[in-house]
Amino acid sequence: MSWFLESNLQNKLSIVKNNEKKLKIGNKEIGYTYEALANRPRFSKVEPVIVTVLPEAEYVEPFTHVEDEFIYILNGSINLYYDGELHYLEQGDSAYFEGNTPHIFLSADKNKEATVLTVFIQNNPL
């Protein structure tokens, strides 16, 4: 996700003030909006984002990616589909999983969005 952010590779500290957030992407077709929390270099090992899970998602095919993923439900509830299994998560619940396995999360309440802290973690096998 950080490939679309401007960054300075020499900075060791990234502070993003609420009124300085640069980018929010996504739409109801994909079912999510993403808000970057740290303007980190493209190849940073950790990428934190706030994902708003929209109730009217139109695209419901599972995703895969190379990063591991940690999610923490800040608000609302989701149905996490991971490797074909359904897991219901609500505010305060969390999950950690490998991103290379098909997965998707959808709002569990078709009338209310959910807010999820999502952290993508670069997986470097030894």
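Ranked by how many other Cβ atoms sit within 10 Å of their own Cβ, fewest first, the residues 105, 70, 63 fall in the order 63, 70, 105. The shape of region 48-126 can be summarised by an equivalent ellipsoid whose semi-axes, obtained from the alpha carbon gyration tensor, come to 21, 14, 11 Å from longest to shortest.
Calculate, for residue 109 and residue 15, the FRET efficiency according to 1/(1 + (r/R0)^6) with r their C-beta to C-beta distance and R0 41 Å; round to the nearest 0.05. Spell out each step's value before the answer.
Working: r = 34 Å, r/R0 = 0.83.
Rounded to the nearest 0.05, the efficiency is 0.75.
Applying 1/(1 + (r/R0)^6) with R0 = 22 Å to the Cβ-Cβ distance of residue 88 and residue 30 gives a FRET efficiency near 0.55.
Mind sorting 66, 116 by how few other Cβ atoms lie within 10 Å of their own Cβ, fewest first? It would help to have the intermediate numbers written out before the result.
Values: 66 10, 116 25.
Neighbour counts put them in this order, fewest first: 66, 116.
In terms of surrounding Cβ atoms within a 10 Å radius of their Cβ, 83, 68 rank from fewest to most as 83, 68.
Once you have the Cα-Cα distance between residue 100 and residue 63, take 0.36 nm times their residue separation minus that, and quote the gain in nm to one decimal. So the chain would gain 12.5 nm between residue 100 and residue 63.
Only the coordinates and a few stated rules stand behind these numbers; no lab work does. Model, not experiment: these values are computed from the prediction. Please note: Cβ atoms are built from the backbone with ideal geometry, for glycine as well, and neighbour counts cover all protein chains shown.
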